[in-house]
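Data first, discussion second: the structure below is written as C-alpha cells.
The values are calculated or read from the model by the stated rules, or taken from the named source; none is laboratory data. Quantities reported herein were computed from a predicted structural model and do not represent experimental measurements. Glycine gets a Cβ as well: all are built from the backbone with ideal geometry, and neighbour counts include every protein chain shown. We work out accessible area using only protein heavy atoms, side chains counted, and drop any ligands, DNA or RNA first. Shrake-Rupley method; radii C 1.70, N 1.55, O 1.52, S 1.80 Å.
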Amino acid sequence: MDMTAANATFKSMDEGTAEDWAAIQHHFMPFAAELPGRILKHLQLLEGDYGGFPVDRLEHSLQCATRAHRAGEREDYVVAALLHDIGDTLGTFNHPDIAAAILKPFVSEKLHWIVERHGIFQGYYFFHHIGRDRDMREAFRGHPHFADTARFCELYDQSAFDSSYDSAPLSFFEPMVQRLFERPINSIYKLDD
C-alpha cells in the first residue's frame, strides 16, 4: 500500500488497522505543520472589526503583543498576548475559551490559565458600566495565577485600545507564532522525540 496518497479504508474506527492509521498519520503531519499559517489567517479576520471599540480587534491584539514584547516578556507570553482574543469571531460569548483551547497544547499551564480567565479579569475595568460585577475575578483570589492574570489585563489587555500606539505589524510576530506552534508540549497527540 502506497502511503503517499492512500487514505484509510475503514467505515468505523473499530475496523481500523495499523496501515489505516499510518496513512492518517502521513496526512496529519503536513496538515499540523500548517497550523501557524491557519492561525495567522484567522487572526487577520479581526482586521476591520471594531465592535464599537476605538481600534479594530486585530490592532488590539497587535498592541497587546507589542506591549508585552517591549516589556521583555517571554516569546510564548507575547504570542499568547497576540492570540488572546482570536476567538472573538467564533466564540462571541466565550472568546477566552477558544483562544485558550488553541494555545493549550503549546504553552504552560500558567499561560493557558491566564488566557482562559482573562475575560473575567478584564471585566474589572468595565463590568460595572454594563450592570455586571466588576469584582467577579475575586472568586479566583488565592489561585496561584491570580496576580499574573490581573497583571496581564492591567499592563497589556485593558491598555491596548490606543489608536495612536505604534504597534508592530503582524509580520513581526509571524516567526514567533511559527516557533510556538512547531511542537505541542501538552497534548495526547504529542509527537515522539
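Every condition in (1) in contact with a Gly (Cβ under 9 Å, 6 or more places away or on another chain); (2) surrounded by 15 or more Cβ atoms within 10 Å (Cβ to Cβ) is met by M136 except one, and the failing one is (2). Return a yes/no flag: does region 7-21 have any residue that is surrounded by fewer than 16 Cβ atoms within 10 Å (Cβ to Cβ), under 20 Å from the mean Cα position of the chain (by Cα) and more than 18 Å from P175 (Cα to Cα). There is no residue in region 7-21 that is surrounded by fewer than 16 Cβ atoms within 10 Å (Cβ to Cβ), under 20 Å from the mean Cα position of the chain (by Cα) and more than 18 Å from P175 (Cα to Cα).
Among the residues of region 147-165, is any without any contact (Cβ under 8 Å) to a residue 60 or more places away in the chain, among the basic types (K, R) and not in a loop (DSSP other than H, G, I, E, B)?
yes
Can you spot a residue in region 26-34 that is out of contact with any strand residue (DSSP E or B) (no Cβ under 6 Å at 6 or more places or on another chain), open to solvent by 80 Å² or more (accessible area, probe 1.4 Å), among the acidic types (D, E) and in contact (Cβ under 8 Å) with a residue 24 or more places away in the chain? Looking through region 26-34, none of the residues is out of contact with any strand residue (DSSP E or B) (no Cβ under 6 Å at 6 or more places or on another chain), open to solvent by 80 Å² or more (accessible area, probe 1.4 Å), among the acidic types (D, E) and in contact (Cβ under 8 Å) with a residue 24 or more places away in the chain.
Being surrounded by fewer than 18 Cβ atoms within 10 Å (Cβ to Cβ), under 14 Å from V177 (Cβ atoms) and acidic (D, E) is true for just one of E109, E47, E75. Which residue is that? After applying the criteria, what remains is E75.
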